[in-house]
Amino acid sequence: MQTTPHHPTDPQHWNGKYGSYLQKIALSKINDTEQARDLVQDTFLAALESLDYFKGNSTEKTWLTGILLHKVMDLYRKQSVQQAKETEIIAVHARQQSNCSNEDLLIYKEFMVGLKRNLAKMPRLWADVFQLKYLENTPTDLICRRLGITTANFWTISHRSRLRLRTYLISGNSQSIAGRPD
């Protein structure tokens with residue numbers, strides 16, 4: 001008797017069967033709707049790519065949940081590295097500003113904290129584009145390759161992210177961008 005490899009039901013139905021369940025799990029872990037959707041889609045893609053390795057020792061739902069949780073951990077690792085980079089950027093800027101007064105350095109630090117807080121309110125891709133271009137001075141072509149976007153899309157996102165930050169500065173949210181009330 002020949003054994004055929006066990007394949008989950010139809011991957012075309014994964015989104016309908018498990019999409020909202022996985023979305024809820026992702027949201028409970030990261031609290032960002034857009035990012036949660038992306039993680040669920042990444043989960044489905046990873047599952048599809050590794051379909052031949054699914055042995056059926058667990059349910060399809062458990063298998064997909066495990067993949068999703070690994071994706072969440074990957075995101076946490078990436079964010080941890082990103083935070084380390086941001087801390088280094090702040091330190092470099094502070095060293096460059098060493099001829100400034102302590103008050104100027106404090107204002108700069110408060111500004112960076114507020115900027116980071118408002119970047120977190122933006123869609124993740126917008127924040128990544130802004131961070132890479134304007135805080136890390138990464139070349140445009142490298143940003144496009146890293147984020148998988150076209151140059152035209154890059155400039156559109158860059159423009160929108162700058163407008164959004166400008167809105168925060170001008171609106172009542174200026175308190176959060178400056179780190180303290182006017």
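The values are calculated or read from the model by the stated rules, or taken from the named source; none is laboratory data. No experiment lies behind these values; they were computed from the predicted model shown. With ideal geometry, Cβ positions are generated from the backbone for all residues, glycine too; neighbour counts draw on all protein chains shown.
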Item to check | Single match in Asp32, Asp42 (criterion: within 29 Å of Met122 (Cβ to Cβ), modelled with pLDDT of 90 or more and buried (at least 16 other Cβ atoms within 10 Å of the Cβ)) | outcome: Asp42
Next on the checklist: Can you pull out every residue in the stretch 43-60 that is under 13 Å from Asn15 (Cβ atoms) and touching a Lys or Arg at 6+ places or on another chain (Cβ under 9 Å)?
Outcome noted: Thr43, Glu60
Item to check | Selection from the stretch 19-78 of residues that are in contact (Cβ under 8 Å) with a residue 12 or more places away in the chain and of a type in the set (Phe, Trp, Tyr) | outcome: Tyr21, Phe44, Phe54, Trp63
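Residues checked against (1) assigned to a helix (DSSP H, G or I); (2) modelled with pLDDT under 70; (3) hydroxyl-bearing (Ser, Thr, Tyr):
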site: His70; (1), (2), (3): yes, no, no
site: Lys78; (1), (2), (3): yes, no, no
site: Val81; (1), (2), (3): yes, no, no
site: Lys85; (1), (2), (3): yes, no, no
site: Ala91; (1), (2), (3): yes, yes, no
site: Ser98; (1), (2), (3): no, yes, yes
site: Asp104; (1), (2), (3): yes, no, no
site: Val113; (1), (2), (3): yes, no, no
Next on the checklist: Step by step: first the residues of the stretch 122-156, then only those that are hydroxyl-bearing (Ser, Thr, Tyr) and part of a helix (DSSP H, G or I), then the one that is nearest to Ala36 (Cα to Cα). Which residue is that?
Outcome noted: Thr156
